[in-house]
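Inspection log for the structure reproduced underneath, given as structure tokens.
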Amino acid sequence: MELVVDLWDVGQGDCTVLRLPDGKLLIIDTGPPDSPLVEWLAARPEQIYGIVLTHNDEDHAGCFDDLLERFSSRFEHVFLLIDRNPQETSAKRVLDRALRWARRNPGRLHNLEIAGDGLMPIYGWDGGGGREKLAIYAVHPEFECVLRNLRRKGAQPNSVSAVLCLDVDGKTEIIWGGDASMRSIADKCQDKVPEVMFGPHHGGPIDRDHVTYRSQFDRVRPKNVFISAGTTNQHRHPIKTFIDLHFARGRRVSCSQLVHCDAGRVKGRRHVMKHHLELGMVPPQNPGAVTCRGPMRLEWDPEMREFLHHDTHQLHLEKLTEVHRPYCKGGLAAHQ
């Protein structure tokens, strides 16, 4: 089974592109309005199985309408949520574009809300002949959760942000946390040990001040955590305690861009790594962006039956010794 998962560096936003076993692409979140994904897709011919929006914030869905307008005929499916008042500007643009696309593609616009069996299927692959079985699906939010959120005086989109899983032969290998809380991920992914967890919420989960926050880190146990955070983000993501709690459990955390760890590098725009083009991706265009880990690539190895990291994964460990005070310094020794 051929499967490549690219976790992109789009600044303060989330974006993943999967090259599926049937040769098509699957996009999970698009990144912000100036996402390099648009330029990248314009230069490629592949058919796109689907686009999945974990929620409708601009840093996850900012170029969604642009993608559907420019590449409408290449998309086969669209998966999204109604996570706020549909008349709000940030949601109205997304929903209006999705409905216009659906009129030309009936039956291919899907609601990510979870039904009775506890998951929402997105993609499946069974190669037969003893090959691996692939399943990509959502585990959060349930319909009742979405309805309660919409009935609030001020809906909270992050509380219903979708949580997605990728399984090979029944084992969860990747979790996308969107902007969900750590509790939501822990509740729905209890005892899972994925190779990578993406997020949630750019390394600053929305429930980080809750009394049970720390205990959630023992319920789902990723080997690696990838944080997509922009150098100039106004929220000052990622939060150091988020990284510390993972490293205390022997996990490796990587941030796409440098935010807190080396003011000199940020001021001088000295990247720790800059390998987007090497991986065939387009780097972000924000002039203030300073790459740290940059993008992350995982490729499924059918013989070893596990995801293998691109060589840049180890190179990043070596490069971190050049950073002044990396938040992830506490976990370096365990991974060298």
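The values are calculated or read from the model by the stated rules, or taken from the named source; none is laboratory data. Predicted model only: the values in this text are computed from it and were never measured. Positions of Cβ are generated from backbone atoms using ideal geometry, with glycine treated the same way; all protein chains shown enter the neighbour counts. Accessible surface areas use protein heavy atoms only, side chains included; no ligands, DNA or RNA. Shrake-Rupley method; radii C 1.70, N 1.55, O 1.52, S 1.80 Å.
Cβ under 11 Å from ALA135's Cβ, ALA135 left aside: what net charge do those residues give with Lys, Arg +1 and Asp, Glu -1? Present the calculation step by step, with values, prior to reporting the outcome.
On the way: positive: LYS133, LYS171; negative: ASP126, GLU132, ASP167, ASP169, GLU173.
Its environment carries a net charge of -3.
Identify all lysines with a Cα-Cα distance to LYS171 below 24 Å; exclude those on the same chain that are fewer than 8 residues away in sequence.
LYS24, LYS133, LYS188, LYS192, LYS223
Roughly speaking, what is the stretch gain from ASP209 to PHE71, that is 0.36 nm per residue apart minus the C-alpha to C-alpha distance, in nm to one decimal?
This chain segment gains 45.5 nm when fully extended.
Under the definition of Cα pairs under 8 Å and six or more residues apart, what whole-number percent is the relative contact order of the range 138-263? Each step should come with its number before you reach the end.
On the way: 237 pairs, mean separation 23.9, N = 126.
Relative CO of the range 138-263 lands at 19 percent.
Rounded if a/c is under 1.5, else prolate if a/b is larger than b/c, else oblate: which is the range 125-233, with a ≥ b ≥ c the root eigenvalues of its Cα gyration tensor?
Prolate, since a/c reaches 1.5 and a/b exceeds b/c.
Which of MET182, MET281, MET296 moves most in a GNM of the chain, Cα contacts under 10 Å?
MET281
Anyone know which of GLY170, GLY178, GLY124 comes out most mobile in the 10 Å Cα GNM of the chain?
GLY170
Hey, what did the chain get for relative contact order, percent, Cα under 8 Å, at least 6 apart?
On the way: 743 pairs, mean separation 51.0, N = 336.
For the chain, the relative contact order is 15 percent.
Which shape class applies to the chain: rounded if a/c is under 1.5, otherwise prolate when a/b exceeds b/c and oblate if not, where a ≥ b ≥ c are the square roots of the Cα gyration tensor eigenvalues?
On the way: a/c = 1.29, a/b = 1.25, b/c = 1.03.
Taking the square roots of the gyration eigenvalues as a ≥ b ≥ c, the chain is rounded.
Calculate, for ARG93 and GLU303, the FRET efficiency according to 1/(1 + (r/R0)^6) with r their C-beta to C-beta distance and R0 56 Å; round to the nearest 0.05.
Details: r = 45 Å, r/R0 = 0.81.
Efficiency for this residue pair is about 0.80.
Report, ordered by chain and residue number, the aspartates and glutamates lying within cross-link reach of LYS153, taken as a straight Cα distance under 16 Å and ignoring same-chain residues fewer than 8 apart.
The qualifying aspartates and glutamates are ASP83, GLU88.
I'd like to compare 264-271, 44-51: which one has the highest average count of other Cβ atoms within 10 Å, and what's the full order after that? Walk me through the numbers on the way to the answer.
Working: 264-271: 13.6, 44-51: 16.4.
Highest mean packing first, the order is 44-51, 264-271.
Is the range 1-110 best put as rounded, prolate or oblate by its Cα gyration tensor, with a ≥ b ≥ c the root eigenvalues, rounded for a/c under 1.5, and otherwise prolate when a/b is larger than b/c, oblate when not?
Values: a/c = 1.74, a/b = 1.27, b/c = 1.38.
Oblate is the answer for the range 1-110, as a/c is 1.5 or above yet b/c matches or exceeds a/b.
Order GLU113, GLU173 by their accessible area, 1.4 angstrom probe, all chains in place, largest first. Before the final figure, lay out each step's value.
Working: GLU113 35, GLU173 15 Å².
Putting GLU113, GLU173 in descending order of accessible area: GLU113, GLU173.
Using the Cα centre as the reference, give the magnitude of the dipole from point charges on the C-beta atoms of the range 1-160 (Lys, Arg: +1; Asp, Glu: -1; all else neutral), rounded to the nearest 20 debye. Let's see the in-between values first.
Numbers: 19 positive and 25 negative charges, 132 e Å.
Magnitude of the dipole: close to 640 debye.
Which one of GLY170, ILE206, ALA180 has its Cα pushed farthest toward the positive end of the charge dipole of the range 133-250, where Lys and Arg give +1 and Asp and Glu give -1 at the Cβ?
ILE206
Once you put a point 7 Å from the Cα of LYS24 and another 7 Å from the Cα of GLN190, both along the Cβ direction, what distance in nm separates them?
So the label points at LYS24 and GLN190 sit 3.4 nm apart.
Using Cα positions and a limit of under 28 Å, work out the lysines in reach of LYS267, with same-chain residues fewer than 8 apart set aside.
LYS240, LYS319, LYS329
Could you state how much accessible area LYS192 has, in square angstrom rounded to the nearest 10, with a 1.4 Å probe and all protein chains kept in place?
Here the accessible area works out near 50 Å².
If amide hydrogens are placed 1.01 Å from N in the peptide plane, which non-local residues have theirs closer than 5 Å to the one on CYS15?
Placed amide hydrogens put TRP8 under 5 Å from CYS15.
Write down the accessible area per residue of the range 57-151 in Å², having rolled a 1.4 Å probe over the full set of protein chains.
Details: 4740 Å² over 95 residues.
Value for the range 57-151: 50 Å² per residue.
Report the charge-dipole magnitude of the chain in Debye, nearest 20, computed about the Cα centre from +1 at each Lys and Arg Cβ and -1 at each Asp and Glu Cβ. Write out the running numbers ahead of the final one.
Values: 44 positive and 45 negative charges, 190 e Å.
Dipole size: approximately 920 debye.
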